[in-house]
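Heads up, the thing below is written out as structure tokens.
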Amino acid sequence: MTEQAPTKVDMEKIVSLCQRRGFIFPSSEIYGGLSSCWDYGPLGVELKRNIKQAWWQAEVQERDDMVGLDASILMHPQTWEASGHLKGFSDPLVECKSCHLRWRADELAGSSCPSCSGELTEPRLFNLMFKTFMGPIEEEASVVYLRPETAQGMFVNFQNVLDTTRKRLPFGIAQIGKAFRNEITTGNFIFRSREFEQMEIEFFVKPGSDKEWFDYWLEERFNWYVKLGIKKGNLKLRQHMKRELAHYAKDCYDIEYLFPMGWAELEGIANRGDFDLVQHAKYSGKSLTYFDEETKEHVIPYIIEPSAGVDRSALAFLCDAYDEDIAEGELRVLLHLHPTLAPIKAAVLPLSRRDKLVALAKQIYTDLRQCWMVSYDDAQSIGRRYRRQDEIGTPFCITVDFQSLEDEQVTIRERDSMNQIRLPISALKTTLQAKLEGEDLFVLPPGGKIWKEGE
Ligand code: ATP
């Protein structure tokens with residue numbers, strides 16, 4: 001039986017679980033780690049892939065008005081002049097005169113230097129772009145930048161996409177990829193790092209319909225998180241104040257999540273007006289317009305941009321899923337991850353290591369792994385094995401016991417309720433498929449029995 005214990009999600013618990021179970025490690029840890037860089041381990045890489053896949057499926061695969069792109073990270077340096085990043089992509093940096101720690105002035109607003117209360121220098125603007133050199137000579141002419149956002153790749157390919165796909169307005173370009181920002185202060189685990197991944201959409205609309213599409217995307221993106229299991233109460237939309245708006249934005253909302261350190265941005269949704277296409281047309285000398293068949297006029301589309309972070313989403317999904325309860329008199333740590341996101345969908349657990357049982361369990365495992373990431377575990381007691389799977393968010397455990405050899409049935413146990421049912425091996429794959437898509441597994445079959453683990 002389980003009793004509910006109040007669960008406090010703090011960052012330490014999340015970091016510890018991630019490291020202990022192989023979700024996320026500090027980068028180059030054997031050398032002492034590299035500040036604010038992280039490596040996704042065997043389970044983390046699956047979680048991240050699942051987040052990206054769920055986003056791609058919802059925003060590209062299942063839509064007629066969206067196409068994908070994978071642009072190069074290094075772009076022509078003029079891109080960043082046109083976009084305003086070279087001039088304006090900076091944060092105000094202040095330094096403590098006694099301890100020499102550096103901070104973002106806007107994040108310190110109102111408080112003194114957090115570590116030693118020393119006097120701070122006047123803020124000076126610090127550009128967040130990472131610079132490097134293209135080719136063998138390190139000179140001004142060969143400077144290129146690691147992109148600080150994926151967005152520009154979509155603006156500069158607007159005409160290519162238009163010409164090759166023959167899309168009509170409104171339509172969007174979607175892209176997932178790495179971005180780099182030399183942030184002044186990092187921290188809160190993977191929330192703010194210097195290398196991260198974004199999932200961005202640039203949605204091109206007719207001027208005048210931008211407000212309507214802006215509202216549409218606010219709702220669509222908010223609901224995406226809810227559909228994937230984030231509790232509604234832990235999400236909110238926050239409109240940017242006028243002084244917060246980026247130079248290109250007409251309007252902007254953040255989707256915020258209640259992280260352990262408080263409410264913070266998960267995704268930004270901006271109405272960028274025609275700023276980007278106007279700028280790139282001006283700097284490149286190329287026409288970046290759209291011919292409207294109805295009015296027979298060339299128009300410059302407005303752009304709505306929903307811009308999400310893969311790493312911040314991963315952190316939000318992990319925090320939201322984290323739970324503890326008491327099962328069989330012991331503390332049980334579990335992740336209520338949505339089946340779509342769970343790194344491992346099912347674990348096959350033979351009750352003993354006897355040959356015949358192992359052969360059947362391996363056969364089931366081989367069959368299921370053609371469809372999903374499935375794990376096989378025959379070490380230690382069955383209770384321990386269930387706990388290991390609960391802790392990494394595996395929705396289903398399949399237990400193969402001696403009776404299975406006779407009746408060709410196995411037990412499926414569900415992570416959250418710990419309910420178990422027995423069903424024919426022949427029905428396992430289709431049942432699992434349906435359950436992973438959200439059907440209730442524990443509808444009692446005729447003559448069937450549902451019981452709790454431990455009963
Ligand atoms: P912040 O105000 O937190 O610095 P931002 O407003 O600069 O973020 P955007 O430029 O809107 O962020 O980037 C879009 C998304 O990319 C963010 O909502 C976030 O999910 C992600 N992101 C931005 N910077 C980082 C970072 N340093 N580390 C991890 N994710 C980031």
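What to note about this one:
- Dipole moment magnitude, nearest 20 debye, the stretch 344-452 about Cα centre, only Lys, Arg, Asp, Glu C-beta charged: 300 debye
- Zero-based 10 Å bins, Cα pair distances in the chain, whole percents: 4, 17, 25, 23, 16, 10, 5, 0
- Set of lysines near LYS48 by C-alpha distance (under 28 Å), chain-local residues within fewer than 8 positions excluded: LYS8, LYS13, LYS131, LYS178, LYS227, LYS231, LYS232, LYS236, LYS345, LYS362, LYS429, LYS435
- Shown here is the pair-distance distribution of the stretch 221-266: with all Cα-Cα distances grouped in 5 Å bins from zero up to the longest one, the shares run 5, 21, 26, 20, 15, 10, 3 percent.
- Both radii are taken from the alpha-carbon atoms of the stretch 65-131; with Rh as the Kirkwood radius, Rg/Rh is 1.20.
- Ranked CYS18, CYS116, criterion: other C-beta atoms within 10 Å, fewest first: CYS116, CYS18
- Counting 0.36 nm for each residue step from HIS76 to MET134 and taking away their Cα separation leaves a gain of 19.8 nm.
- Cα centroid separation, the stretch 263-316 to the stretch 29-62 (Å): 25 Å
- Net charge of neighbours whose Cβ lies under 12 Å from the Cβ of GLU244, counting Lys and Arg as +1 and Asp and Glu as -1: -1
- Least to most buried among TYR283, TYR386 (fewest other Cβ within 10 Å first): TYR283, TYR386
- Cα-centre dipole for the stretch 92-195 with unit charges at Cβ (Lys and Arg positive, Asp and Glu negative), debye to 20: 520 debye
- Around TYR225: net Lys/Arg minus Asp/Glu count, Cβ-Cβ under 14 Å: -2
- Going from the fewest other Cβ atoms within 10 Å to the most, the residues TRP217, TRP263 appear in the order TRP263, TRP217.
- Considering all C-alpha pairs of the stretch 238-337, those separated by over 17 Å amount to 68%.
- Debye log10 I(q)/I(0) at q = 0.19, 0.23, 0.24 Å⁻¹ for the stretch 152-247, Cα point scatterers: -1.32, -1.36, -1.34
- Computed magnitude of the charge dipole of the chain (debye, nearest 20; Cβ of K, R +1, Cβ of D, E -1): 560 debye
- The DSSP beta bridges internal to the stretch 344-452 are antiparallel in roughly 60% of cases.
- As computed over the stretch 344-452, the Cα convex hull volume per residue (Å³): 95 Å³
Taken together, the values in this text are just the output of simple stated rules run on the coordinates, not laboratory data. Given the structure is predicted, the values throughout are model-derived calculations rather than measurements. Please note: Cβ atoms are built from the backbone with ideal geometry, for glycine as well, and neighbour counts cover all protein chains shown.
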